[in-house]
Amino acid sequence: MYNLLLVDDDPNVLRSLMRACRVDRTHPEVRRARVHAFVSPYGADAFAAEHAVDLVLTDYRMPSMNGAQLLARIREGQPDVASILLTGTKDPREIAHAVNGSGTCRFLPKPWDDGELTRTIADALAERTATLQLQQLAELALAHAAARTREERALRALEAESPGITRVRWSDDGGVIVD
């Protein structure tokens, strides 16, 4: 089950975001997610410091801390968190600054379409899951390579002490041929 962190300083917007996540019919992973909502970016930051969060959806323009700053703070402890920025601004430079400054890949304008919102959340969660799985596979591959290297070193050392000991010759009937 996913943990979603929703942040907007407007309680009405926050309720709309929560409602959209709860009633979504096409993305069950969004509907079943645990949604944690905050009107204060500081409250959201404190929550993220104590709990694992899969996705942060935050307003960009908030009076005490903007969404890019909040995401930067959360990413210090959870670098793999997925993120979506919401903003009502129409200024392309401000949007670019918000997206680039937060390291987010996703942006949604206010007002949003509920279907697009939940589809964006589902896509971000799926991408994060795939990225984490790839990281786990890469770590596993590195661990196997390290183990293989240790085994190869041990075999080389054994072969240096007793030449031919690591090679086995088999007979046609499955027996070992000893010289």
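Data for the structure
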{"item": "Single residue of segment 49-70 satisfying the filter (touching a Gly at 6+ places or on another chain (Cβ under 7 Å) and aliphatic (A, V, I, L, M)) that is nearest to L17 (Cα to Cα)", "result": "A68"}
{"item": "Only listed residue being under 20 Å from N12 (Cα atoms), of a type in the set (S, T, N, Q) and at pLDDT below 90, chosen from T26, T87", "result": "T87"}
{"item": "Residue pairs meeting the criteria (Cβ under 7 Å; at least 6 apart or on separate chains; first on the phi > 0 side of the Ramachandran plot, in segment 76-103; second at pLDDT 85 or above)", "result": "G103/L71; G103/R75"}
{"item": "Residues of segment 1-36 classified as open to solvent by 40 Å² or more (accessible area, probe 1.4 Å) and not in a helix (DSSP H, G or I), total", "result": "10"}
{"item": "Tally of residues being out of contact with any helix residue (DSSP H, G or I) (no Cβ under 9 Å at 6 or more places or on another chain) and either more than 20 Å from L132 (Cβ to Cβ) or without any contact (Cβ under 8 Å) to a residue 24 or more places away in the chain (or both) across segment 41-75", "result": "5"}
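The values are calculated or read from the model by the stated rules, or taken from the named source; none is laboratory data. As the structure is a prediction and not an experimental result, all values here were calculated from the model. For neighbour counting, all protein chains shown are included, and Cβ atoms are generated from backbone atoms with ideal geometry for every residue, glycine included. All accessible areas refer to the heavy atoms of the entire protein, side chains included, with ligands and DNA or RNA removed. Shrake-Rupley method; radii C 1.70, N 1.55, O 1.52, S 1.80 Å.
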